[in-house]
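K.L.:
Can you keep this structure in mind? I'll have questions shortly.
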Amino acid sequence: MAIADQFIGLSEIDVQIKAAEDELAFGPRDIALAEADVKKAEVKLHDAGQISTNMAKQIHTLEIDIDKIKEDINKTKTFQREAKSNKEYQIFKDKIDGEEKKIRGIEDQILGMMEQQENSKAAQKAAQDEVAKAKKELEQEKKEVEATKKKLDAKIVELNKKRQEVVAGIDKEDLEIYERARRSARGKSALAPIRGVVCGACNVKLPSQVINLVMIGKQIINCMSCYRILYVDEHSDTRGDDEDEE
Ligand SMILES: [Zn+2]
């Protein structure tokens, strides 16, 4: 057995641990996305409510305007009754007609606003449904994440147990070399198979004496570029072809 082969099982375990840890990190991200959806729907609901409230305020203001105009009309009518001449009477009548026309205009405006108010109420209702749906989805997401976390936590514990067993069988100095290579690989496999004449991880061309040393298998040889531990993969020998047969 080549010396690098002792790391193959360990590297497989480490890659699986890293994959489980990465998957674990998706949980909080998924929950944050679902929470953002809830917030977005709540903002929509708030906005729709505000439009409705504003519309009600504006309608109220216009209704007060109408009341004022009506008061003016009543005053004008009092003057009209005391008119000294037909001409004067007509002037008051024209004024009253003009103000009544103004009232009809404002009433039309109010009708338009009430229609908008109805629309914003419908939008409010839709936004309420959206909030409820987003909250339900968030709860669902939390449950799923919790279930996945439980599974992954158990898997990681199991893998670490296996790792300890494997590590116990490896020489301490050899293990240090492996750990250094693993840190350099940043979560990827600390090992690299030789493919043809290149490092299977970083593709740098390897000197023939390096390949020879790896083939002899008495020393641990790191790729001088990516620092991974080089090994001879039976499925990709050094004859130069790149077959991936199972
Ligand atoms: Zn390399």
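K.L.:
Counting pairs of alpha carbon atoms under 8 Å apart in space and at least six apart in sequence, what relative contact order in percent does the range 101-246 give?
P.N.:
17 percent
K.L.:
Could you tell me which of CYS199, ILE229, ILE17 has its Cα farthest along the dipole of the chain towards the positive end, charges placed at Cβ (Lys, Arg +1; Asp, Glu -1), taken about the Cα centre?
P.N.:
ILE17
K.L.:
What is the local net charge at ILE17, summed over the other residues whose Cβ is closer than 13 Å to its Cβ (Lys, Arg +1; Asp, Glu -1)?
P.N.:
With Lys, Arg at +1 and Asp, Glu at -1, the neighbours total 0.
K.L.:
State, to one decimal in nm, how far the label point of ALA168 lies from the label point of ASP97, with both points 7 Å from Cα in the Cβ direction.
P.N.:
10.9 nm
K.L.:
Output the 0 to 90 degree angle, nearest 10, between the alpha-carbon long axis of helix 172-185 and the longest principal axis computed from the alpha carbons of the chain.
P.N.:
40 degrees
K.L.:
Remind me, relative contact order of the chain in percent, using alpha carbon pairs under 8 angstrom and six or more residues apart?
P.N.:
Answer for the chain is 29 percent.
K.L.:
Compute the distribution of all C-alpha to C-alpha distances in the chain, in bins of 10 Å from 0, and list the percent of pairs in each, rounded to whole numbers.
P.N.:
Once binned at 10 Å, the Cα pair distances of the chain give 7, 17, 14, 11, 9, 8, 8, 7, 6, 5, 5, 3, 1.
K.L.:
Using a Cα-Cα cut-off of under 20 Å, which lysines could be cross-linked to LYS218, ignoring same-chain neighbours fewer than 8 residues away?
P.N.:
LYS172
K.L.:
I need the shape label for the range 67-175. Rule: rounded when a/c is under 1.5, else prolate if a/b > b/c, else oblate, with a, b, c from the alpha carbon gyration tensor.
P.N.:
Prolate, because a/c is 1.5 or more and a/b exceeds b/c.
K.L.:
Now for a separate question. Would you mind ranking MET1, MET224, MET113 by Cβ crowding within 10 Å, fewest neighbours first?
P.N.:
Ascending number of Cβ neighbours within 10 Å: MET1, MET224, MET113.
K.L.:
Also, quick follow-up: Between LYS218 and ASN160, what's the calculated FRET efficiency when r is the beta-carbon distance and R0 is 35 Å? Round to 0.05.
P.N.:
It comes to 0.70.
K.L.:
Continuing with the same structure: When ranked by the protection proxy of mean other Cβ atoms within 10 Å per residue, highest first, what sequence do the peptides 5-17, 95-107, 41-53 form?
P.N.:
Going by the mean number of other Cβ atoms within 10 Å, highest first, we get 5-17, 41-53, 95-107.
K.L.:
Set the Förster distance to 51 Å, then compute FRET efficiency between LYS143 and ASN74 from the Cβ-Cβ distance, nearest 0.05.
P.N.:
About 0.15, to the nearest 0.05.
K.L.:
Report the label-to-label distance for ALA132 and ILE106 in nanometres (one decimal), using points 7 Å from each Cα along the Cα→Cβ vector.
P.N.:
That separation, rounded to one decimal, is 4.0 nm.
K.L.:
Same structure, new question: If R₀ is 22 angstrom, what is the calculated FRET efficiency for the pair ASP30 and ASP153, using the beta carbon separation as r and rounding to 0.05?
P.N.:
Between ASP30 and ASP153 the formula returns 0.85.
Read-outs: derived from the displayed coordinates by stated rules, not from any lab. Everything numeric in this text was worked out from a predicted model, so none of it was measured. Glycine also receives a Cβ, built like all others from the backbone with ideal geometry; neighbour counts cover every protein chain displayed.
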